[in-house]
Amino acid sequence: MINPDTDRVLITGAAGAIGSALRTHLRDRYRHLRLTDIRPIADLAPNEEAVMADIGDRAALSRMMDGVDALVHMTGAPPDPDLETLFRVNVRGLFDVFETARLAGITRIVYASSNHAFGCYPITERVTPQHPPRPDSHYGAFKVMGEALLRTYHERFGISSVSLRIGTFRPLPIDQRSLATWLSPRDIAHLVDVSLRHPDPGALVVNGYSANTRIKTADPGWDFLRYHPSDNAEDHIDMLRAQGVDVDGPWEWPEHGGSFVHAPPPRIG
Ligand SMILES: NC(=O)c1ccc[n+]([C@@H]2O[C@H](COP(=O)([O-])OP(=O)(O)OC[C@H]3O[C@@H](n4cnc5c(N)ncnc54)[C@H](O)[C@@H]3O)[C@@H](O)[C@H]2O)c1
């Protein structure tokens with residue numbers, strides 16, 4: 001269990017979309033946030049400390065984890081990466097970050113997994129994190145690898161973790177699918193906060209969505225974690241209609257993973 005008044009939390013990918021939302025919502029509640037990214041991190045508050053580094057740099061990782069109690073791992077390959085980059089950041093980088101955290105004595109890890117861990121399930125199936133993974137892509141399979149690694153860390157080394165199968169993180173919903181999968185900035189911050197504070201999450205895997213009326217998954221882990229999302233994509237339906245989004249027609253994608261399930265095979269290099 002992380003105590004925000006005394007413990008130090010490291011957020012990776014802190015210059016990214018989710019990392020920035022976490023900073024906005026958590027910096028008033030946590031005594032000390034250490035932030036890292038390969039890109040510069042702007043507008044530091046007095047209780048924020050930034051380290052610019054590539055997650056492939058093990059020595060830098062080791063230094064930045066000194067004195068840290070919890071890791072929030074949000075680093076991710078850029079959109080539409082080639083397979084080598086995806087592997088370097090989401091597999092090798094993930095391994096380096098988790099191993100360094102273990103060796104540094106970190107006791108709690110919150111990890112950005114993805115709904116693409118189960119993207120091949122038909123949309124009509126109300127999937128929970130208890131269903132076997134059915135990743136829809138290399139991206140989704142690598143996310144499942146991270147979840148499996150955290151299970152091992154719990155069984156073997158007593159490190160507790162929460163893997164968040166994030167849906168569509170955006171300031172606002174963007175299309176028909178995100179009416180089911182939207183995760184708002186306020187709700188991701190709440191989800192990370194309860195994942196850090198929970199006394200004993202084990203190696204929990206949870207879905208990361210807002211309280212969307214059209215949600216197509218179920219998750220008993222939300223009550224266990226005390227995650228009570230505030231936002232609902234349906235509240236923005238008029239905005240989507242005004243943008244010409246077909247929100248009233250038949251559901252666009254036959255599987256949970258949406259366009260990922262039908263994407264062309266990935267490139268190497
Ligand atoms: N945004 C979503 O809808 C969504 C959905 C599911 C899962 N996720 C996952 O959540 C995480 C955060 O997503 P996001 O939307 O904030 O992505 P983002 O691309 O905005 O942020 C990722 C950050 O990682 C950093 N990064 C990339 N390569 C790096 C490297 N080699 N060394 C150090 N830093 C590096 C980038 O500079 C960037 O700031 C990712 O792991 C992503 O896969 C996001």
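Each residue in the stretch 59-82 was checked for being surrounded by 15 or more Cβ atoms within 10 Å (Cβ to Cβ) and over 28 Å from Thr6 (Cβ atoms), and 3 of them qualify.
Cβ separations smaller than 9 Å between residues 6+ apart or across chains give the following pairs from the stretch 252-269 residues that are at positive phi to residues that are surrounded by 12 or more Cβ atoms within 10 Å (Cβ to Cβ) and among the basic types (Lys, Arg): Gly258/Arg177. Considered as a group, the residues in the stretch 73-82 that are near the ligand (Cβ under 10 Å from one of its atoms) and not in a strand (DSSP E or B) include one that is modelled with the lowest pLDDT, and that residue is Pro79.
The set of residues from the stretch 103-119 being part of a loop (DSSP other than H, G, I, E, B) and either at pLDDT below 95 or within 16 Å of the ligand (Cβ to nearest atom) (or both) comprises Phe118, Gly119.
Screening Val194 with (1) aliphatic (A, V, I, L, M); (2) surrounded by 24 or more Cβ atoms within 10 Å (Cβ to Cβ); (3) free of Cβ contacts under 8 Å to residues at least 40 places away in the same chain gives one miss only, at (2). Evaluate the following for Ser184: is it within 16 Å of the ligand (Cβ to nearest atom) and on the phi < 0 side of the Ramachandran plot? Criteria met by Ser184. Within the stretch 147-171, residues that are closer than 20 Å to Gly258 by Cα and within 11 Å of the ligand (Cβ to nearest atom) have Cβ atoms under 6 Å from residues that are among the small types (Gly, Ala, Ser) and assigned to a helix (DSSP H, G or I) in these pairs: Arg165/Ala117; Thr168/Ser178, counting only partners at least 6 apart in sequence or on another chain.
Exactly one residue out of Ile2, Ile55 is away from the ligand (no atom under 15 Å from the Cβ) and of a type in the set (A, V, I, L, M), and it is Ile2.
For the stretch 17-36, filtered to residues that are within 10 Å of the ligand (Cβ to nearest atom) and in contact with a helix residue (DSSP H, G or I) (Cβ under 7 Å, 6 or more places away or on another chain), the residue that is nearest to Asp96 (Cα to Cα) is Thr36.
Taken together, the criteria place Pro229 among residues that are in contact (Cβ under 8 Å) with a residue 24 or more places away in the chain and out of contact with any Pro (no Cβ under 9 Å at 6 or more places or on another chain).
To keep it simple, each residue is scored yes or no on (1) in contact with a helix residue (DSSP H, G or I) (Cβ under 6 Å, 6 or more places away or on another chain); (2) of a type in the set (A, V, I, L, M); (3) within 16 Å of Asp96 (Cα to Cα); (4) in a loop (DSSP other than H, G, I, E, B).
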residue: Pro40; (1), (2), (3), (4): no, no, no, yes
residue: Leu44; (1), (2), (3), (4): no, yes, no, yes
residue: Gly67; (1), (2), (3), (4): no, no, no, yes
residue: Leu71; (1), (2), (3), (4): yes, yes, yes, no
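The values are calculated or read from the model by the stated rules, or taken from the named source; none is laboratory data. Everything numeric here is computed off the predicted structure, so don't read it as measured data. Here the Cβ is made from the backbone with ideal geometry for all residues, glycine too, and neighbour counts use every protein chain on show.
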